[in-house]
Amino acid sequence: MNSERYLLLRPAKSLELIPPELQILGPTRPPDAGQPSAERTGDILRKLWQALDQSVDPIVITDRLGIIEYVNPGFETLTGYPKSEALGNSLRILCPAEEAPEVYEAMWQKVRSGDIFRGSVVNQKRNGEAFSVEKTITPLRDSAGQITHFISTDRDITERCRLELQLLQAQKMDAIGRLAGGVAHDFNNLLMVISSYAELMLDSLSPKHPLRRNVQEIMGASRRAADLTRQLLVFGRKQVQTLQLLDLNLVIDEISRMLLRLIGEDIEFVFIPGAQLGIVKADPVQIEQVLMNLAGNARDAMPDGGKLTIETIAIKLDEEYVQKHAAVPAGDYILLTVTDSGMGIAPQHLPHIFEPFYSTKEENEGTGLGLATVYGVVRQSGGFVWVYSEPGMGTTFKIYLPSVHAANWKRPHAETVEEFTPHGCETILLVEDEPAVRQSEREFLLLNGYLVLEASDGEDALHLVAGFNGPIHLMISDVVMPRIGGAKLAERLRSLKPDLKVLFVSGYAEATVLRQGGIDLSTSFLQKPFSLKTLARKIREVIEVDSSSKAASAGSDS
């Protein structure tokens, strides 16, 4: 027979300091030789009460029907429910309205049957905020073995769950990035073949040929597909920053049509370009991504239509401004302002909107990385971004990018397919492991007067050069190839041909290219897909710039 009994009725005199709601906790043993004194028992129970009362983890005791009879201060702190409101209520006050009732029903069925429940549960605070806990519910029995009460102990794991979710999101993004890099290579090679043969076809047609328009449409579609691939690489964080001197007005002009398709016809788009704007030093792809992300957020904030305004202006930040914005140094900036007339951002969200994976959208409606990417790009470009918003009053993002002084900079002109194509007569070693790409490039180079030696990979190129006695002025080589890559091939060939100049091409992301080593992305590299006319100009640039620098060096020596 079980000799234990619980203090469910009248407590001993020495236990009078124990609150009534804790007098269920016992147990004590019947008086015998080994029984501690009543004073000792009271001391133990007093310490037990203090442990419960001072625990930072929420502790709740309910009757067998789930009605709360005791909560500790840890429960009050976490849930926001004072003891006066909690006592006499059911634990269902913590159940979120959207939580499936069968989840809680299964939990209570388990403990009512006498088993201990252990599991993670999503609860709701008094203010409506959700939080996650690791919950253990243990049945309490009387001397007859009947369940009389339940004790629930919780451990707040909200932050841990948030970090785990961020880790999963980061792993997903990393997987997408790796996939993007691999797909981009194959996709870029296919686009290279399509655009190259379309360009060769266009060159063979007379100016008034009826098929010219069709071919131009093919080339335009290829360029748009290449832009999509580039955006995919940016999304996957596989694109290194390629800094250029930029006219922001020109960048916005070029992306305007894409923005119009993104935001839809029910949103009015207005661009107000600043006069005498100056230039910034930034990555054009990343700036486009910033505009796309902000426009996408603006669209989501205006489901019933509205107005999106982009404005640029040259501005000088003085000491008065700097005193109010300590992170911003004084100087000349170009201010890019993006304003929508949408629903605005609630005050509690504003401090967090640039945090990675923080999103106010419904689940599966956003990655939570859009504004984090905006912030990262702006900061990487040496700029600063601020947001101003009120619920129902729209949102304004102000991006300050440092103005760069470059006296010799000229506004770039958009490339056209009618642009003059430079010719040459040098010998070119063409190393490309994709047969269709190699064939189109070889045909183009022959038409432009070059003598072409073609190799399918690095090993093939080494054998070819070893048996060729004439000069080789330039090697055009893919970067990533089986057996020997482009960088190692160039290193080995220069021991045979010290004056060999090299132009690298690749359909892989630039980050992958950089890992090969020994490649200057700014002067001797073309990212596939590129137009054949771009290739022709790059060939002359590599050959002639190097030749002119040698001539200048020889003149100074004499």
Check: Can you spot a residue in region 123-139 that is within 43 Å of the chain's Cα centre (by Cα), surrounded by 15 or more Cβ atoms within 10 Å (Cβ to Cβ) and small (Gly, Ala, Ser)?
Finding: yes
Subset of region 249-283, residues over 24 Å from Gly382 (Cβ atoms) and part of a loop (DSSP other than H, G, I, E, B), comes to Gly264, Glu265, Asp266
If you go through Thr534, Thr512, Thr523, the only one that is in a loop (DSSP other than H, G, I, E, B), polar (S, T, N, Q) and modelled with pLDDT under 90 is Thr523
For region 303-328, pairs from a residue that is modelled with pLDDT of 75 or more to a residue that is open to solvent by 80 Å² or more (accessible area, probe 1.4 Å) and among the acidic types (Asp, Glu), with Cβ under 6 Å and 6 or more apart or across chains, are Gly305/Asp266; Lys307/Glu268
Condition set open to solvent by less than 30 Å² (accessible area, probe 1.4 Å) and not in a helix (DSSP H, G or I), scope region 364-385, selection modelled with the lowest pLDDT: answer is Gly368
Of the residues in region 463-505, those that are without any contact (Cβ under 8 Å) to a residue 24 or more places away in the chain and among the polar types (S, T, N, Q) come to Asn469, Ser495
Counting only residues in region 89-137 that are of a type in the set (Gly, Ala, Ser) and assigned to a loop (DSSP other than H, G, I, E, B), the one farthest from Leu65 (Cα to Cα) is identified as Gly128
By residue number, the members of region 450-471 that are open to solvent by less than 20 Å² (accessible area, probe 1.4 Å) and touching a helix residue (DSSP H, G or I) at 6+ places or on another chain (Cβ under 7 Å) are Ala455, Gly458, Ala461, Val465
Selection from region 439-491 of residues basic (Lys, Arg) and out of contact with any strand residue (DSSP E or B) (no Cβ under 6 Å at 6 or more places or on another chain) yields Arg483, Lys488
In the set Ile287, Ile272, the lone residue that is closer than 19 Å to Tyr333 by Cβ and touching an Asp or Glu at 6+ places or on another chain (Cβ under 6 Å) is Ile272
**Request:** Consider Arg40 carefully, then state whether it is more than 22 Å from Arg160 (Cα to Cα), in contact (Cβ under 8 Å) with a residue 60 or more places away in the chain and open to solvent by 70 Å² or more (accessible area, probe 1.4 Å).
**Result:** no
Within region 255-302, the residues that are charged (D, E, K, R) and either open to solvent by less than 10 Å² (accessible area, probe 1.4 Å) or in contact (Cβ under 8 Å) with a residue 24 or more places away in the chain (or both) are Asp266, Glu268, Lys281, Asp283, Glu288, Arg299, Asp300
Inside region 91-121, the number of residues satisfying the requirement of being small (Gly, Ala, Ser), open to solvent by less than 40 Å² (accessible area, probe 1.4 Å) and either on the phi > 0 side of the Ramachandran plot or touching a residue at least 12 places away in the same chain (Cβ under 8 Å) (or both) is 2
The number of residues in region 51-88 that are exposed (fewer than 14 other Cβ atoms within 10 Å of the Cβ) and either part of a loop (DSSP other than H, G, I, E, B) or at pLDDT 90 or above (or both) is 7
Of the residues that make up region 143-159, is at least one touching a Ser or Thr at 6+ places or on another chain (Cβ under 6 Å), in a loop (DSSP other than H, G, I, E, B) and in contact (Cβ under 8 Å) with a residue 24 or more places away in the chain?
yes
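The values are calculated or read from the model by the stated rules, or taken from the named source; none is laboratory data. Fair warning: this is a prediction, and the values are worked out from it, not measured in the lab. Virtual Cβ from ideal backbone geometry, glycine too; neighbours counted across all protein chains shown. Ligands, DNA and RNA are excluded from the accessible area calculation, which covers all protein heavy atoms including side chains. Shrake-Rupley method; radii C 1.70, N 1.55, O 1.52, S 1.80 Å.
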